[in-house]
């Protein structure tokens, strides 16, 4: 049972580069989300999705794009990386049928230089 | 807008002493409430959650929390802490209709001293 899988675990980018953080879940969950974690600020919601084809912005969406073409996958795209996007990123999934248990991936450590 | 406030950024405590980590939330709708623990350089682990029913929720590792609707609080407690409880703790809330949208507090670092 893989749960929520995030890749890559570590990445260093140069300012201006683009990249995609991958997130996949094998539990048929309807909800998927991306968070970023910064010291002293907890985790902040970037984007979330309530089902395939439906996405919405969270608290800090600027500089990030998402899409949800399948139930399983929810990639996060950085269009033009900036040093302010240096952070730890977590993907999560959940649904009502699983008792609203929220499953988190192991995190992706991103450094933008 | 929903918000979660953790009232202490750091809580130092001696081993075997009791501890309370405070969390307040603001919401005009029904909420689900969660406490997570994060050990250094690791992901998030669920300690406990309140969805409905009994206001006293018991979780893993001897932790418990009490949902207080009138005070909009969800404080985390443990009667006797161990060195291994040293970690960062996050309180989070979600509207009852959408657990895809968690709002987190800023985190509380629990430092257990020998």
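Here, each number is a calculation from the coordinates, and none is a lab measurement. Since the structure is predicted, the reported quantities are computational estimates derived from the model, not experimental observations. A quick note on method: Cβ atoms are made from the backbone with ideal geometry, for glycine too, and the neighbour counts reach across all protein chains shown.
For the reader, a short list of remarks on this structure follows.
- Note on B:89-99: average number of Cβ atoms from other chains within 10 Å of each residue's Cβ is 4.
- For chain B, DSSP calls about 90 percent of its internal beta bridges antiparallel.
- Average other protein chain Cβ within 10 Å of Cβ, residues A:50-57: 1
- Going from the residue with the fewest nearby Cβ atoms within 10 Å to the one with the most, A:56, B:85 rank A:56, B:85.
- Pairwise centroid distance, computed over Cα atoms, of the stretch B:2-39 with the stretch A:1-75, Å: 25 Å
- Segments A:62-73, A:23-34 sorted - mean Cβ within 10 Å per residue, highest first: A:23-34, A:62-73
- Between residue A:9 and residue B:82, the modelled labels are 2.5 nm apart [label points 7 Å from Cα along Cα→Cβ].
- Counting, for every residue in A:25-35, the Cβ atoms of other protein chains within 10 Å of its Cβ and taking the mean gives 2.
- Length-normalised contact order of chain B in % [C-alpha pairs under 8 Å, at least 6 apart]: 37 percent
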